[in-house]
Amino acid sequence: MKYMLMICDDESVFLSPVQVHALPKIQAWDAEVDARGIRRGGARPRPSSDASTVRVRDGEVLVSDGPFAETKEQMGGFDIIKCASLGEAVEIAARHPAAASGAIEVRPLWQE
């Protein structure tokens, strides 16, 4: 089954994708999941200050600047992994360096 690992952390400590991938702990995690052949993709979004939130109410499109929620912790990236079980996905998430300072949401994806 495929799972999305949503990496959530304190956005006030923003690092560029280049800076993140230069961190030894991130390099080690990347190497492990790649060696196990379970990563299916991933990305690091731009800061939440660059976000736009879209809602449609009574047929009117409403666009607001910023993220959908006002919170200190924001999505700092995501990975798509393919694992045999939720237990394996949780094990992989627990090994991600961001789990020590933020949170990793593990969400199963609909299979198409």
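Only residues that are touching a residue at least 40 places away in the same chain (Cβ under 8 Å), among the hydrophobic types (A, V, I, L, M, F, W, C) and not in a helix (DSSP H, G or I) were counted across region 1-27, and they come to 7. Could we say that residue 74 is outside any loop (DSSP other than H, G, I, E, B), open to solvent by 50 Å² or more (accessible area, probe 1.4 Å) and not aliphatic (A, V, I, L, M) here? Against the criterion (outside any loop (DSSP other than H, G, I, E, B), open to solvent by 50 Å² or more (accessible area, probe 1.4 Å) and not aliphatic (A, V, I, L, M)), residue 74 does not qualify.
Scanning region 81-103 for residues that are outside any helix (DSSP H, G or I) and within 15 Å of residue 30 (Cα to Cα), we see that the one that is most open to solvent (accessible area, probe 1.4 Å) is 82. Kindly check whether there is at least one residue in region 28-35 that is free of Cβ contacts under 8 Å to residues at least 40 places away in the same chain, open to solvent by 40 Å² or more (accessible area, probe 1.4 Å) and in a loop (DSSP other than H, G, I, E, B). No, region 28-35 contains no residue that is free of Cβ contacts under 8 Å to residues at least 40 places away in the same chain, open to solvent by 40 Å² or more (accessible area, probe 1.4 Å) and in a loop (DSSP other than H, G, I, E, B). Applying the condition of being part of a loop (DSSP other than H, G, I, E, B), modelled with pLDDT of 90 or more and out of contact with any strand residue (DSSP E or B) (no Cβ under 9 Å at 6 or more places or on another chain) to region 37-71 and asking which residue is most open to solvent (accessible area, probe 1.4 Å) yields 58.
The values are calculated or read from the model by the stated rules, or taken from the named source; none is laboratory data. Since this is a predicted model, take the numbers as computed values, not measurements. Please note: Cβ atoms are built from the backbone with ideal geometry, for glycine as well, and neighbour counts cover all protein chains shown. Ligands, DNA and RNA are stripped out before the accessible areas are found, and what is left, the full protein with its side chains, is counted by its heavy atoms. Shrake-Rupley method; radii C 1.70, N 1.55, O 1.52, S 1.80 Å.
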